[in-house]
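One structure below.
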Amino acid sequence: GPAPVLERLRPDDYVAQIAAAGQEAQFMLQLVKDLGTSLNLVETLSVLAQRLKGMISFDAIAVYECRGAVLIPAYVEGQDQILFSSLEIPVGEGLSGWVAKHNQPVINGNPSVEPGYLNNPAKFSILRSALAVPLEGMHGVVGVLTLYHSRPDGFSQDQLRILSGISSKVGLCIENTLKYQELESFATTDHLTGLANTRSLFPRLESELSRSKRQMAP
């Protein structure tokens with residue numbers, strides 16, 4: 001039979017593909033650099049959200065942290081921010097809970113299945129699709145990164161690939177930040193009583209003494 005006709009890309013298409021690949025590589029490098037600049041979790045995730053906006057269109061972002069058997073919002077921004085901030089999602093339930101349990105992504109899932117999100121009939125959301133990826137640390141899934149869109153089927157396979165490509169870096173970053181915060185807490189708190197220890201009390205005492213002297217000065 002006749003040879004198959006191969007679809008040929010115009011030169012402009014090649015240029016566009018190369019430019020897109022270069023932009024994506026630049027994004028990845030910049031993100032890796034940015035994520036290493038802060039040991040504050042909210043700051044780190046805020047930087048992540050701002051960077052993602054340059055590559056993927058979304059109406060809301062939620063980064064959930066695994067705490068035992070539940071997912072707790074560690075960072076939320078965008079549409080329905082207050083609603084998402086109040087969620088506690090059992091691992092295995094809903095869209096993000098399923099992703100956490102099975103360590104598998106979901107593309108264009110239904111946001112309304114998140115437990116507690118739309119249980120109240122008075123609540124209404126314009127969000128119609130979600131893209132969620134597990135965030136894996138050294139010892140398993142530490143969280144879930146979920147993007148929400150107001151359009152049905154709002155996410156593409158290319159966007160899933162981008163999110164999956166950064167997920168391990170984000171997972172390790174979250175894990176390291178949480179460990180740092182835990183160590184910082186141990187350094188200033190008595191592990192038995194939960195009260196401030198002497199290491200943190202002396203700097204506080206010096207600060208209060210200095211403040212008193214300034215107030216008493218004529």
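Of all residues in the range 128-155, those satisfying the criterion of being more than 13 Å from the chain's Cα centre (by Cα), open to solvent by 50 Å² or more (accessible area, probe 1.4 Å) and at negative phi are Arg128, Met138, His139, Arg151, Pro152. Against the test of being crowded, with 19+ Cβ neighbours inside 10 Å and over 14 Å from the mean Cα position of the chain (by Cα), the options Val70, Val106 yield a single qualifying residue, Val106. Determine if the range 84-99 includes at least one residue that is more than 17 Å from the chain's Cα centre (by Cα), open to solvent by less than 60 Å² (accessible area, probe 1.4 Å) and modelled with pLDDT under 90. No: zero hits.
Scanning the range 124-139 for residues being part of a strand (DSSP E or B), without any contact (Cβ under 8 Å) to a residue 60 or more places away in the chain and within 15 Å of His102 (Cα to Cα) gives a total of 5. Of the residues making up the range 156-172, just one is under 18 Å from Trp98 (Cβ atoms) and in contact with a helix residue (DSSP H, G or I) (Cβ under 9 Å, 6 or more places away or on another chain), namely Leu163.
Could you tell me whether any residue of the range 108-123 is within 27 Å of Thr177 (Cα to Cα) and assigned to a strand (DSSP E or B)? So far as the range 108-123 goes, no, none of its residues is within 27 Å of Thr177 (Cα to Cα) and assigned to a strand (DSSP E or B). Select from the range 113-125 the residues that are at pLDDT 85 or above and surrounded by fewer than 19 Cβ atoms within 10 Å (Cβ to Cβ) and list them in ascending order. Val113 - this is the single residue of the range 113-125 that is at pLDDT 85 or above and surrounded by fewer than 19 Cβ atoms within 10 Å (Cβ to Cβ). Here Ala49 passes the criteria (1) over 14 Å from the mean Cα position of the chain (by Cα); (2) modelled with pLDDT of 90 or more; (3) surrounded by 15 or more Cβ atoms within 10 Å (Cβ to Cβ) except the one numbered (1).
With respect to being of a type in the set (Ser, Thr, Tyr), closer than 19 Å to Gln159 by Cβ and outside any loop (DSSP other than H, G, I, E, B), Ser46 falls outside the description.
Residues in the range 89-107 that are assigned to a loop (DSSP other than H, G, I, E, B) and over 17 Å from Ala69 (Cβ atoms): 2 in all.
The values are calculated or read from the model by the stated rules, or taken from the named source; none is laboratory data. Here the structure is a predicted model, which means the values were calculated and not measured. Note: ideal-geometry Cβ built from the backbone for every residue, glycine included; neighbour counts use all protein chains shown. Accessible surface areas use protein heavy atoms only, side chains included; no ligands, DNA or RNA. Shrake-Rupley method; radii C 1.70, N 1.55, O 1.52, S 1.80 Å.
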